[in-house]
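> Mind looking over this structure? Questions follow.
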Amino acid sequence: MPPRLVDFHRAYPGVALAVSVGNSAEVVGAIIGGNVELGFVEGPEEEFGDPRLAIELIAMDELIMVANSDHPWAISHKLTVEDLTAGKWVLRENGSGTRAAFVKALDALGVPYGKLDIAIELPSNEAVLAAVLAGAGAAVLSARVCADAIKVGILRRLPLSIAPRAFYAVQHGDRYRSRAVSALLEILRAHA
């Protein structure tokens, strides 16, 4: 999002942007409550089943499993169900689209989520990444969030496939849509 927000600001320098961060559930609640006009959420569209919402696919994102370079899994070529349930995990909080996608991926692999050893739950991807780099355990995060740490070798991508997730723009379907929001959505669509 930050590069697209910069594009918007360059195109419309007179429009101030105020960005707040919350998990998917908080964003949907803010839209339904009328506190924000536009939000962005991750995860399967069916999780936002409120008929008042207007939802539009904006981008796809790759989720990857990672651990710091000193983690025992960092040199593994394959991880078993036993490995995944025996290891420590750093996760996003309940309500997070990242966490929901991870739980869904575990289910597809036959890994019982309830058997995971969750060391820490944190409210942002950046906090999860910092905890993983500090050695708290493994995590599933956006490849974009991890790219720099992987590139310099302090974080390792682990051998687990997770289906890509979608990012959606969400608005209240029955409320006024400002020209500024329409312009931002056009910029996002152009880069989708």
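The values are calculated or read from the model by the stated rules, or taken from the named source; none is laboratory data. Being a predicted model, the structure only gives us computed values, none of them experimental. Using ideal geometry, Cβ is built from the backbone for each residue, glycine included, and neighbour counts are taken over all protein chains shown.
> Any residue at all in region 104-113 that's modelled with pLDDT of 95 or more, buried (at least 19 other Cβ atoms within 10 Å of the Cβ) and assigned by TED's automatic domain parsing to the domain that holds Val152?
No, because not a single residue in region 104-113 is modelled with pLDDT of 95 or more, buried (at least 19 other Cβ atoms within 10 Å of the Cβ) and assigned by TED's automatic domain parsing to the domain that holds Val152.
> Sort out which residues of region 48-87 are aromatic (Phe, Trp, Tyr) and within 21 Å of Pro164 (Cα to Cα), and write them in order of number.
Keep residues of region 48-87 that are aromatic (Phe, Trp, Tyr), which gives 48, 73.
Phe48 - this is the single residue of region 48-87 that is aromatic (Phe, Trp, Tyr) and within 21 Å of Pro164 (Cα to Cα).
> Just checking, does region 117-129 include any residue being closer than 19 Å to Ile162 by Cα, of a type outside the set (A, V, I, L, M), touching a residue at least 12 places away in the same chain (Cβ under 8 Å) and not in a helix (DSSP H, G or I)?
no
> Please verify whether Val128 is of a type in the set (Val, Ile, Thr) and surrounded by fewer than 22 Cβ atoms within 10 Å (Cβ to Cβ), treating the condition exactly as stated.
On the way: of a type in the set (Val, Ile, Thr): yes; surrounded by fewer than 22 Cβ atoms within 10 Å (Cβ to Cβ): no.
Taking the combined requirement at face value, the residue does not satisfy it.
> Right, here's the next one. Looking at region 149-166, is at least one residue part of a helix (DSSP H, G or I), out of contact with any helix residue (DSSP H, G or I) (no Cβ under 9 Å at 6 or more places or on another chain) and not assigned by TED's automatic domain parsing to the domain that holds Ile55? Spell out how you get there, then give the answer.
Within region 149-166, the first condition is being part of a helix (DSSP H, G or I), and the residues that meet it are 149-151.
Okay, now just the ones that are also out of contact with any helix residue (DSSP H, G or I) (no Cβ under 9 Å at 6 or more places or on another chain), so 151.
Now narrow it down to the ones that are not assigned by TED's automatic domain parsing to the domain that holds Ile55: 151.
Looking for residues that are part of a helix (DSSP H, G or I), out of contact with any helix residue (DSSP H, G or I) (no Cβ under 9 Å at 6 or more places or on another chain) and not assigned by TED's automatic domain parsing to the domain that holds Ile55, one finds at least one in region 149-166, hence yes.
> Next question. Out of Val145, Val170, Val181, which single residue is in the same structural domain as Phe40 (by TED's automatic domain parsing), among the β-branched types (Val, Ile, Thr), assigned to a helix (DSSP H, G or I) and closer than 30 Å to Val15 by Cβ?
Val181
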